[in-house]
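Structure record follows, encoded as structure tokens.
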Amino acid sequence: MRPEPAPRQTTHGNSDVWGAVSTTLLLLCAALIFAAAPRAFAADPAGTMLMIKGDVEAEAADGTARALAKGEEVFQGDTIKTAPKSFAVIKFSDGGKVTVRPGTVLVIDEYAYGGDNDGSALKLVKGGLRALTGAIAKQNPDAYRVNTPVATMGVRGTEFDVRWCDEECVREEERLRQEEEAEAEAEATPAQ
């Protein structure tokens with residue numbers, strides 16, 4: 001009886017192919033995990049949605065949009081958009097609150113709290129907001145600002161309103177003027 005030859009061992013061939021395939025699959029899986037959950041690996045949230053009425057969304061810096069609901073987090077780089085007849089209240093991590101008016105586009109350009117470089121820079125693209133500042137503005141007012149297309153506002157108080165509008169403001173001013181005139185006329189008319 002003749003003994004069977006020992007199996008040959010190779011350092012190339014199929015084992016190299018399977019090694020390359022498994023490495024490729026591992027990298028592909030890692031890429032999918034990062035793509036599917038970008039916020040899981042993101043920086044600390046800038047704030048949390050305290051209240052929402054109507055349709056409110058956030059667009060991340062990479063262009064992905066998501067509908068917002070109460071309790072969801074927003075981050076530096078997010079663009080918050082409220083639909084007409086909608087509004088949102090954001091509670092920032094420094095304790096500040098911002099109410100975002102209907103039809104507003106607000107960008108959280110910069111936000112950091114709890115470290116050496118605390119600061120907040122919001123950009124009001126259109127619409128309006130009402131803010132009650134938190135620890136950042138109280139500790140270092142120069143580190144808190146709101147930018148609009150025509151001006152940058154530094155904050156020296158704890159509560160303020162900002163609106164950036166064009167024809168919308170004109171229509172609202174005209175409506176308010178007409179209401180005031182109607183009230184004055186009604187008061188001037190003697191009761192019968």
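The values are calculated or read from the model by the stated rules, or taken from the named source; none is laboratory data. The structure displayed is predicted, hence computed values, not measured ones. Quick reminder, even Gly has a Cβ in these numbers, built from the backbone with ideal geometry, and neighbours come from all protein chains shown.
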remark   = Taking the range 51-101 and keeping residues of a type in the set (K, R) and not in a loop (DSSP other than H, G, I, E, B) leaves K53, R66, K81, K91, K97
request  = Output the number of the condition that P3 fails; it satisfies all remaining conditions of (1) out of contact with any helix residue (DSSP H, G or I) (no Cβ under 8 Å at 6 or more places or on another chain); (2) modelled with pLDDT of 95 or more; (3) not hydroxyl-bearing (S, T, Y).
outcome  = (2)
task = Please work out which residue is modelled with the lowest pLDDT, limiting yourself to the range 59-86 and to residues that are hydroxyl-bearing (S, T, Y) and crowded, with 16+ Cβ neighbours inside 10 Å.
result = S86
ask   = Looking at the range 87-103, is at least one residue surrounded by fewer than 19 Cβ atoms within 10 Å (Cβ to Cβ) and free of Cβ contacts under 8 Å to residues at least 24 places away in the same chain?
value = no
note = Apart from one, (1) touching an Asp or Glu at 6+ places or on another chain (Cβ under 6 Å); (2) among the β-branched types (V, I, T); (3) modelled with pLDDT under 80 all hold for I108; the odd one out is (3)
